[in-house]
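This report refers to the structure that appears directly beneath it.
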Amino acid sequence: MPRYSITTFGCQMNVHDSERMHEVLRRAGYTEAGGPEEADVLVLNTCSVREKAEQKLRSEVGRLARWKRERAERVVVVAGCVAQQEGERLLKQMRAIDVVVGPDNIPELPGLLGDVALGGLPVARTVFDLDAPRFLVASPSPSTRAAATAFVTIMKGCDERCSFCIVPYTRGPERYRASDEIVAEIAALVAAGTREITLLGQTVNSYRDPLGALPRAPGASADDPDESEFAALLRRIAADVPGLARLRYTSPHPRHLTPSLVLAHAELAVLPRHVHMPVQSGSDRVLRRMIRRYTRAEYVARTRALVEAVPGLTLSTDIIVGFPGETEDDFAATLSLVREVGFKGLFGFKYSRRPHTPALKLPDDVPEDVKGARLARLFEESEALLAAHLSGLVGTTQEVLVEGRDKERGGERGAGGALWSGRTGRHEIAHIEGAGELDLLGEVVEVSIARANKHSLQAELTEAARAAARQQPRGDAGRPARRSLPVVAAGGG
Ligand code: SAM
């Protein structure tokens, strides 16, 4: 049986696509290799959102030429956004590649590999499924407990035209999945043991049911062009899958943070008290040039409404520094926004020119060292906010969804030798000490926060949680072990 290995770069969408590729390949009779060196088929699932991510692929393929020469039948597959962006060109530029497959063509991968095995020429398949969108569905195996957390795609593509962003080009226009299908997939995952679902989409909160099966959500306005059916979908999932512990989503666009979504957060206990809401800049001038279609004041008002509706809710964000024409004043406005909103997490990026984007018309005029200095300053600000937030939690009691053993997850190990790790309802990472003998995987447990690390919390089970956990049947006594999260070479974003 041929063995495969998948290396993933980039965002959660890519992580999710990789999980589906695992399933597609396994169903076609492939087995997972212990690592790339043991594999017959190596899949690189790529990201092209920034130039650096694309360069990573090119250097990886360069290294693979030697790996391929060791055995003639070895096959290299390039999937994901670089595959979609470059298509056939990749085959011409890099002779080591045998198959190029776009995100919408993943189900065709076994067939393409079969052709190559029979001596077919290198092939590129990068066609958007515009007429009949296909969504890859997780198929949890009945013999293994599902992962504690899982992604479910609700839409793909993007109709925004942010001037810096290549996503509309690599993922195509917006296509939505029927709410019935979404609910059925979530129900199946929860039945298999999953506790937390993250709804995925490029602009996840622009969701509309293609079959018109959702009632209008409370607070939804018929006249607001930014209104969507996302809040209605959240309400339907909460009602139809009562066993779900947490329902997250990524990544939303601030434009669709409408009153109906705020109300859903206020009323649905399943929505955790944390939202990642990309802002990109705190300067109106830059936001306009980025074609973000909201002002700083609108962003602040919308996120403030959310925080007022859900006390204690935290926000994190994405920010680009060094966008063409960004002045010191513009950047100062970004820093002041970070302080004003009080983000508790931040992904910061240096602007990177991408093919096919409107911003190519603007000169990339912020020097590299200035971009670097701004990014460092931005991180300084956000680290200080996070540190103050985390130390403020010391001594409090929190509910943590346990996602895995620390050593498996490569987490930040505290001095006390934490064994389990997971996330609080607000998404802070928590390492749980002194509970190694208990099977906590997939449990929502009560912990008290003992210390704050730089990016995480060190926690201990409360006495009540310890007593409750002791009553639980052990993972090795009758129920299959829950799968740990797949290991990926993540690139952020
Ligand atoms: N839905 C998100 C939004 O509202 O913008 C887009 C997610 S994007 C895949 C992840 C992040 O990468 C963006 O939020 C942005 O901060 C960053 N990014 C995208 N294009 C970029 C570019 N050309 N240069 C630098 N960073 C970029």
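Select from region 1-11 the residues that are touching a Gly at 6+ places or on another chain (Cβ under 9 Å) and not β-branched (Val, Ile, Thr) and write down the one among them that is nearest to the ligand (Cβ to nearest atom). If you could, list the steps in order and put the result at the bottom.
Taking region 1-11 first, the residues touching a Gly at 6+ places or on another chain (Cβ under 9 Å) are 1-3, 5, 8-11.
In the following step, the residues that additionally are not β-branched (Val, Ile, Thr) were identified as 1-3, 5, 9-11.
On the way: Met1: 35, Pro2: 32, Arg3: 31, Ser5: 25, Phe9: 12, Gly10: 8, Cys11: 5 Å.
For region 1-11, the residue satisfying everything is Cys11.
Please go through region 430-455 and give me each residue that is surrounded by fewer than 19 Cβ atoms within 10 Å (Cβ to Cβ), in a loop (DSSP other than H, G, I, E, B) and among the small types (Gly, Ala, Ser), ordered by number.
Once the filter is applied, which keeps residues that are surrounded by fewer than 19 Cβ atoms within 10 Å (Cβ to Cβ), in a loop (DSSP other than H, G, I, E, B) and among the small types (Gly, Ala, Ser), region 430-455 yields Gly434, Gly436.
Among the residues of region 166-206, what is the count of those that are within 16 Å of the ligand (Cβ to nearest atom) and part of a loop (DSSP other than H, G, I, E, B)?
7
Please indicate, with yes or no, whether at least one residue in region 384-396 is under 28 Å from Thr424 (Cα atoms), assigned to a loop (DSSP other than H, G, I, E, B), polar (S, T, N, Q) and modelled with pLDDT of 95 or more.
There is at least one residue in region 384-396 that is under 28 Å from Thr424 (Cα atoms), assigned to a loop (DSSP other than H, G, I, E, B), polar (S, T, N, Q) and modelled with pLDDT of 95 or more.
Please work out which residue is surrounded by the fewest Cβ atoms within 10 Å (Cβ to Cβ), limiting yourself to region 58-82 and to residues that are within 16 Å of the ligand (Cβ to nearest atom) and either assigned to a helix (DSSP H, G or I) or aromatic (Phe, Trp, Tyr) (or both).
Val82
Could you please let me know if Pro324 is touching a Pro at 6+ places or on another chain (Cβ under 8 Å), within 27 Å of Pro168 (Cβ to Cβ) and within 11 Å of the ligand (Cβ to nearest atom)?
Against the criterion (touching a Pro at 6+ places or on another chain (Cβ under 8 Å), within 27 Å of Pro168 (Cβ to Cβ) and within 11 Å of the ligand (Cβ to nearest atom)), Pro324 qualifies.
Quick check on region 144-165: of everything there that is among the hydrophobic types (A, V, I, L, M, F, W, C) and more than 12 Å from the ligand (Cβ to nearest atom), which residue is farthest from the chain's Cα centre (by Cα)?
The selected residue is Ala146.
Would you say Val137 is of a type outside the set (S, T, N, Q), away from the ligand (no atom under 16 Å from the Cβ) and under 17 Å from Glu54 (Cα atoms)?
On the way: of a type outside the set (S, T, N, Q): yes; away from the ligand (no atom under 16 Å from the Cβ): yes; under 17 Å from Glu54 (Cα atoms): no.
Taking the combined requirement at face value, the residue does not satisfy it.
Quick test of your reading of the structure: Ala96 fulfils all but one of (1) assigned to a helix (DSSP H, G or I); (2) over 20 Å from Tyr169 (Cβ atoms). Name the failing condition by number.
Exception for Ala96: condition (1).
When both residues are 6+ apart or on different chains and their Cβ atoms are under 9 Å apart, which pairs have a first residue that lies in region 349-362 and is within 6 Å of the ligand (Cβ to nearest atom), and a second that is aromatic (Phe, Trp, Tyr)?
That search, which allows pairs on different chains as well, returns Tyr351/Phe164; Tyr351/Phe323; Ser352/Phe164; Arg354/Phe164; Arg354/Tyr169.
The values are calculated or read from the model by the stated rules, or taken from the named source; none is laboratory data. For clarity, every value in this text was computed on a predicted model and none was experimentally measured. Ideal geometry is used to build each Cβ from the backbone, glycine not excepted, and the neighbour counts take in all protein chains shown.
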